[in-house]
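For reference, the structure discussed in these notes is given below.
The values are calculated or read from the model by the stated rules, or taken from the named source; none is laboratory data. Being a predicted model, the structure only gives us computed values, none of them experimental. Positions of Cβ are generated from backbone atoms using ideal geometry, with glycine treated the same way; all protein chains shown enter the neighbour counts. We work out accessible area using only protein heavy atoms, side chains counted, and drop any ligands, DNA or RNA first. Shrake-Rupley method; radii C 1.70, N 1.55, O 1.52, S 1.80 Å.
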Amino acid sequence: GENVEQHPSTLSVQEGDSAVIKCTYSDSASNYFPWYKQELGKGPQLIIDIRSNVGEKKDQRIAVTLNKTAKHFSLHITETQPEDSAVYFCAVLSGGSNYKLTFGKGTLLTVNP
Amino acid sequence: DTGVSQNPRHKITKRGQNVTFRCDPISEHNRLYWYRQTLGQGPEFLTYFQNEAQLEKSRLLSDRFSAERPKGSFSTLEIQRTEQGDSAMYLCASSLQLNTEAFFGQGTRLTVV
């Protein structure tokens with residue numbers, strides 16, 4: 001089955017700095033790559049996604065890049081704010097399924113004021 | 001609120017008891033998913049419905065677990081003879097058939113004592 005690895009597991013930045021979280025996956029047929037933000041006691045919230053026919057996507061302060069050849073994708077958050085502090089999960093929709101997401105183990109992002 | 005709704009938010013039960021959780025998806029979404037999340041991990045796929053049909057069950061879903069979506073709208077997840085290892089956050093998500101974005105509810109946190 002699909003294997004998703006996410007790094008780093010924790011990330012601490014100063015307010016205003018950028019944060020980058022990286023994920024690698026194993027199934028070259030995977031075609032959809034969402035990122036979720038999860039605050040304490042809440043469900044995951046979809047914040048941005050990218051499909052396999054696109055190399056980069058940006059939405060205000062967040063962006064995602066995809067390298068299909070290397071089978072990795074990254075989340076970039078610029079001008080971080082304390083409210084960005086949360087656990088971020090990458091996920092992969094495997095090529096053999098159009099419904100089952102495989103998640104990374106998450107990155108705890110702390111933005112220090 | 002037009003998001004995915006889950007009830008109850010928290011459930012504490014004694015080992016051996018049965019529990020049932022409910023999920024109300026976004027109204028026009030015909031796909032519904034159950035995931036389980038343990039502390040420090042990403043969500044893990046349990047099962048998936050397209051309308052009222054349960055199309056896949058993960059091997060994580062033992063015989064003590066059963067999920068239904070009788071009218072293709074809300075879904076229930078029942079755990080019989082609960083064990084301490086069942087303690088986790090149970091997440092429900094929904095999506096449109098032709099759209100892969102999955103939106104999660106706030107989850108039901110189960111504690112088995």
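General observations
- Protein accessible area in segment B:18-79, 1.4 Å probe - carbon and sulfur %: 44
- Within the protein assembly as shown, all pairs of alpha-carbon atoms sorted by distance into 5 Å bins from zero give the percentages 1, 7, 15, 18, 18, 16, 12, 7, 3, 1, 0.
- Chain B: C-alpha gyration tensor shape, a/c 1.5 cut-off, then a/b vs b/c: prolate
- Per residue solvent-accessible surface (Å²) - segment A:29-113, probe of 1.4 Å: 45
- Taking the accessible area of chain A, probe 1.4 Å, and keeping the other protein chains in place, the carbon and sulfur fraction comes to 47%.
- Net charge over other residues, Cβ less than 15 angstrom from the Cβ of A:Asp59 (K, R count +1; D, E count -1): 0
- Unit charges on C-beta of K, R, D, E only; dipole of segment B:1-68, Debye: 480
- Within straight-line cross-link reach of A:Lys71, lysines at Cα separation under 20 Å, skipping those fewer than 8 residues along the same chain: A:Lys22, A:Lys57, A:Lys58, A:Lys100, A:Lys105
- Summed over both chains, the accessible area lost when A and B associate is about 1700 Å², using a 1.4 Å probe.
- Ranking A:Gln60, A:Ala91, A:Ile47 by how far each Cα lies toward the positive end of the dipole of chain A (charges on Cβ) leaves A:Ala91 at the top.
- Neighbours of B:Val19 by Cβ distance under 12 Å: Lys/Arg scored +1, Asp/Glu scored -1, total +4.
- B:His10 exposes around 130 Å² of accessible area when a 1.4 Å probe is run over every protein chain in place.
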